[in-house]
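The values are calculated or read from the model by the stated rules, or taken from the named source; none is laboratory data. Just so it is clear, the structure is predicted and the values come from calculations on it, not from any experiment. As a convention, Cβ positions derive from the backbone with ideal geometry for all residues, glycine included, and neighbour counts pool all protein chains shown.
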Amino acid sequence: MGELFPRKQVMGFVFSLILTAAALTVYFLHLSFAQGMAVLVITAFVQALLQLVVFMHAGETEDKWIIYGKVYFMIGVALITVFGTLLIFLWDM
Amino acid sequence: MKIDHSLPLEYSTKQNGLNIFGFWVFLAAEIMLFATLFTSYFTLEHRVGSGPSGAEIFEITPVLIETLVLLTSSFTIGLGVHAMRIGNKKAMMTFFMVTLLLGLTFLGFEIFEFVHYVHIGAGLQVSAFTAILLTTLGTHGAHVTFGLFWGTAILLQLKKRGLTPETANKSFIFSLYWHFLDVVWIFIFSFIYLKGMM
Amino acid sequence: MEFFQRFAIPNPSLAIYASMVAIGLTVIAIIAGLTYFKKWGYLWREWLTTVDHKRIGIMYLISALIMLFRGGVDAIMMRAQLAVPDNKLLDAQHYNEIFTTHGVVMVMFMAMPFIFAFMNYVVPLQIGARDVAFPRLNALSFWLFFFGAMLFNLSFVIGGSPDAGWTSYFPLAGNDFSESVGTNYYMLAIQISGLGSLMTGINMITTIIKMRAPGMTLMKMPMFTWATLVTNLIMVTVFPVLTVALAMGTMDRLFGTHFFATTNGGMDMLWANLFWVWGHPEVYILILPAFGIYSEIISTFAGRNLYGYKSMVASMVVISALSCMVWAHHFFTMGQGALSNSFFSITTMMISVPTGVKIFNWLFTLWKGKIRFTVPMLYSIGFIPLFVIGGVTGVMLAMSAADYQYHNTMFLVAHFHNTIIPGVVFAMLAGLTFYWPKMFGFMLNERIGKWAFWFLSIGFCLAFFPMYITGLDGQARRMYTYSEATGFGPLNMVSFVGAGVMAIAFALIVYNVYYSVRYSPRNIGADPWDARSLEWATHTPVPEYNFAIEPQVASSQAFWDSKKKGHELFPGKLEKIHMPNNSGVPFIMSAIFFVWGFSMVFSLWIPAIISVIAIFACMAHRSFEKDHGHYISVKEIEETETKLRGAN
């Protein structure tokens, strides 16, 4: 019966709850802006990766490098867009 | 239609493999869609005009409930796909149904939240901040709503046609979509709500 | 009556009334013609419901050519207005409308479908596939594009054209300064066709990654396929940005939000930012497939393998990544600080490096080649020096400090036309001539084609080089007239003459099509150019299933090597072939999108809501539909093959 138990999914769910709790510290503790953002960035991206690998099975086919490559390329461009825009409008204007 | 039995049902025909790969490309595009919304949100976040700011209108309780509901739904659909892979159609359909019910719960809370915002003077037309806030949340909410209809359609097909390569393929793709919405919500939760209340 | 007043043109002129009559008569003529010749069924069965990538490619091509002429007429009118100082041919409002529609039509509804035409027609053939990955989605992409284009063009006769420039900057594009519904048309028409482009991107990436013939590894793909892959990667990346920006612009105009307004916290500059996050990669979406076509043509007519295959691929990948981090060079003067301007200056200049690599690769391919000066080759050879001039002036514009001088002048107009016309338009005409025999089974006349090339090149130089000078002297773009004292008059007259020469070139191309339809020989075989890649290995005309037997590929020049070294391209035996079924749903669904767009433009909420429901009904229909395609039996394939072999 061992292989019938969704061990991976249960572990993933527990871990995602822990990450959510960790992110909540920025609300309940009084962290500085930089500390708070560091916590949020880490918890959010780890959480995203967790969903990608555990639940979405991104690495299970022969196309895994193309799928990962595509997703990471998008995340890269997304970050460039976000930070480029913030650079233009907030930090350098 | 050639069926390759060495692969999971959802990958077993050539078209199935294409569908899943194509959907990954679509999700990559969705990353940019939400990234653009976040870009605009961060730019307009403090441009509140004469309206309220995020810190003034956000409340932790409904947001936390929404987050937990959505995380759980992501877990249940993961269980659904697991059940599908071991061929247990009944368990799979139950988990899918639970997922959709949780999605509906989430949507209910979100609608309640929107009504609340409008009620306290943070409607769509108040300021650039409220516009981008409601648009970002609304885009996610619209995706969830679409997912509810889509998921229902898949459930009906599962019931009528059983677990075939086509229905398995659709169910798997739907699970990708649902997990993705969960990821987007995590970013909304972290960088809109928690950052705003920090 | 009050209800219908909203559809009136706010600034009518004789030209618009004449167009209304002309459009009305054309529609009547088409309907009457189809009815008289009993072609409705043919049109519906063979074209409107088709999911065949080749037919969809041809429909893209026809749409692109029609739009080329619409945009071209706009261009001639602009040059005519500017030909002499203080001209009264057009007033400021009409001039605004014309440069706006010229830009949108040329970029969104001419260049995009033109490259889609080649992607659709050529890529599945080049990789040895039977169709694209999602044929039904492909049809939907086309029809969304088509109805988006129709919606945009409708603005000319119903409600008024957009007049805020093809960039549609806010606050000018906001309700306060653009009162007519023109900008609504802009937002919604581009939104609809943009959805189609995104779907094409997903479709093409999946097709190229998953459906290549056995043996064709990524590094053995023909260069046009590589270009298509990289282009579609950029397309999937940036079109969602446009979708969001347009949605926000639409909400500002229709629902009273304050994204890009100047009040209540709105930020007009955000529109410019988002527009160019999409807009700059968009120009690479146009130019990379053009580079791919040039690569195919140059290596075919130089009779040599493409020089530096790997560096060609690498440079395209680098260009695709860099193209997403240069957007702010379109608004160096907007007020951001030196740090961001320097960053975007440097990334912009960096793009010239991989582009330079490609130029040298083409030159080295030509080196010691046995060059055949056919029409496609003439365009490719003309492209290299002309495009380099455009590229070099681009580097000038990239220097943010100097850009304060060039910004918003005719210098910029000259620069981007100098990259787009020799880059994209030449490539499209070269590709048109090159692939014409594969598409239609006869060649275009070479002699008329060469005349057209020379008219186009010389006309281009005459039309755009003077703008560099007037631009540096301070002639601003988008100004409907100028005084005699500026001294811009003579050079603008030269531009007008150049535009006229280009118009002659396009007329010659049309004449060439007519002439070749009548007089060109039809027994040209499958490989009239002695070409190199798989699309020339199948019959002309291409059968529905493309290849009777799946090809086995051993190199990036698969067909050439099979001809010269005797590689067996088709080692297998005939098997029944699975093909997708035709469907009318993509056409119907896109038509509903058109109704939705039109209702939104005029804020007619009830039809808008009904059409949204109808769109979802179409999607539900697709979900529940049982469509497993059909099989072509071995016997049918044999019959077709024998017939096609006999024809050659």
Check: For the range A:61-72, how many residues meet the condition of being more than 8 Å from every other protein chain (Cβ to nearest Cβ) and either assigned to a helix (DSSP H, G or I) or in contact with a His (Cβ under 8 Å, 6 or more places away or on another chain) (or both)?
Finding: 5
Notebook entry, point to check: Taking the range B:1-18, which residues are in a helix (DSSP H, G or I) and surrounded by fewer than 21 Cβ atoms within 10 Å (Cβ to Cβ)?
Noted result: B:TYR11, B:LYS14, B:GLN15, B:LEU18
Notebook entry, point to check: Give me the pairs: first residue in the range C:610-635 and of a type in the set (Ser, Thr, Tyr), second residue assigned to a strand (DSSP E or B), beta-carbon distance under 8 Å, and six or more apart or on different chains, which are they?
Noted result: C:TYR631/C:ILE577; C:TYR631/C:HIS578; C:TYR631/C:MET579
Note to self: Please pick out the residue among C:VAL122, C:VAL73 that is in contact with a helix residue (DSSP H, G or I) (Cβ under 6 Å, 6 or more places away or on another chain), among the aliphatic types (A, V, I, L, M) and over 21 Å from C:GLY597 (Cα atoms).
What the structure shows: C:VAL122
Check: Could you list, in sequence order, the residues of the range B:53-71 that are hydroxyl-bearing (Ser, Thr, Tyr) and more than 14 Å from chain C (Cβ to nearest Cβ)?
Finding: B:THR61, B:THR67
Note to self: Suppose we keep only residues that are of a type outside the set (Val, Ile, Thr) and farther than 18 Å from C:MET410 by Cα within the range C:66-86. Which one would you say is surrounded by the fewest Cβ atoms within 10 Å (Cβ to Cβ)?
What the structure shows: C:PHE69
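Matching residues to (1) among the hydrophobic types (A, V, I, L, M, F, W, C); (2) in a loop (DSSP other than H, G, I, E, B); (3) surrounded by fewer than 15 Cβ atoms within 10 Å (Cβ to Cβ):
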| position | (1), (2), (3) |
| --- | --- |
| C:VAL542 | yes, yes, no |
| C:TRP560 | yes, no, no |
| C:ILE588 | yes, no, no |
| C:PHE594 | yes, no, no |
| C:MET600 | yes, no, no |
| C:ILE613 | yes, no, yes |
| C:ASP627 | no, yes, yes |
| C:THR642 | no, no, yes |
Check: Just checking, which of B:SER74, B:SER127, B:SER50 is crowded, with 21+ Cβ neighbours inside 10 Å, of a type outside the set (A, V, I, L, M, F, W, C) and facing chain C (nearest Cβ under 8 Å)?
Finding: B:SER127
Note to self: Quick check on the range B:170-198: of everything there that is more than 11 Å from chain A (Cβ to nearest Cβ) and in contact with a Phe, Trp or Tyr (Cβ under 8 Å, 6 or more places away or on another chain), which residue is nearest to B:TYR11 (Cα to Cα)?
What the structure shows: B:SER171
Check: Is one or more of the residues making up the range A:5-27 among the polar types (S, T, N, Q), part of a helix (DSSP H, G or I), free of Cβ contacts under 8 Å to residues at least 12 places away in the same chain and surrounded by 14 or more Cβ atoms within 10 Å (Cβ to Cβ)?
Finding: no
Checklist line | Residue list for the range C:87-105, restricted to those being closer than 16 Å to C:ILE190 by Cα and free of Cβ contacts under 8 Å to residues at least 60 places away in the same chain | finding: C:VAL105
Note to self: Suppose the filter is under 20 Å from A:THR20 (Cα atoms), surrounded by fewer than 21 Cβ atoms within 10 Å (Cβ to Cβ) and modelled with pLDDT of 95 or more; does B:THR105 pass it?
What the structure shows: yes
Check: When A:ALA38 is evaluated against the numbered criteria (1) over 17 Å from the mean Cα position of the chain (by Cα); (2) of a type outside the set (Ser, Thr, Tyr); (3) exposed (fewer than 14 other Cβ atoms within 10 Å of the Cβ), which criterion, by number, is the only one it fails?
Finding: (1)
Next item on the list: Could you check how many residues of the range C:243-272 are surrounded by fewer than 21 Cβ atoms within 10 Å (Cβ to Cβ), small (Gly, Ala, Ser) and at the interface with chain B (Cβ under 7 Å from one of its Cβ atoms)?
Entry: 1
Note to self: Filter the range A:33-60 down to the residues that are small (Gly, Ala, Ser), facing chain B (nearest Cβ under 9 Å) and assigned to a loop (DSSP other than H, G, I, E, B) and list them by number.
What the structure shows: A:ALA58
Next item on the list: Out of the residues in the range B:20-42 that are at the interface with chain C (Cβ under 8 Å from one of its Cβ atoms) and in contact (Cβ under 8 Å) with a residue 40 or more places away in the chain, state the one that is farthest from B:LEU181 (Cα to Cα).
Entry: B:SER40
Next item on the list: Spot the failing condition for B:VAL115; the list is (1) more than 8 Å from every other protein chain (Cβ to nearest Cβ); (2) aliphatic (A, V, I, L, M); (3) within 17 Å of the chain's Cα centre (by Cα), and only one is missed.
Entry: (3)
Item checked: Hey, A:ILE75 facing another protein chain (nearest Cβ under 7 Å), within 21 Å of B:PHE26 (Cβ to Cβ) and surrounded by fewer than 20 Cβ atoms within 10 Å (Cβ to Cβ) or not -> yes
Notebook entry, point to check: So which residues in the range B:40-79 are more than 28 Å from B:SER175 (Cβ to Cβ) and assigned to a helix (DSSP H, G or I)?
Noted result: B:SER40, B:PHE42, B:THR43, B:LEU44, B:GLY54, B:ALA55, B:GLU56, B:ILE57, B:ILE60, B:THR61
Notebook entry, point to check: Looking at the range C:153-206, which of the residues that are within 14 Å of chain B (Cβ to nearest Cβ) and in contact with a Leu (Cβ under 6 Å, 6 or more places away or on another chain) is surrounded by the fewest Cβ atoms within 10 Å (Cβ to Cβ)?
Noted result: C:LEU195
Notebook entry, point to check: In the range C:292-311, which residues are in contact with a helix residue (DSSP H, G or I) (Cβ under 7 Å, 6 or more places away or on another chain) and buried (at least 24 other Cβ atoms within 10 Å of the Cβ)?
Noted result: C:GLY292, C:ILE293, C:TYR294, C:SER295, C:GLU296, C:ILE297, C:ILE298, C:SER299, C:PHE301
Next item on the list: State the number of residues belonging to the range C:207-227 that are in contact (Cβ under 8 Å) with a residue 60 or more places away in the chain, within 14 Å of chain B (Cβ to nearest Cβ) and part of a helix (DSSP H, G or I).
Entry: 3
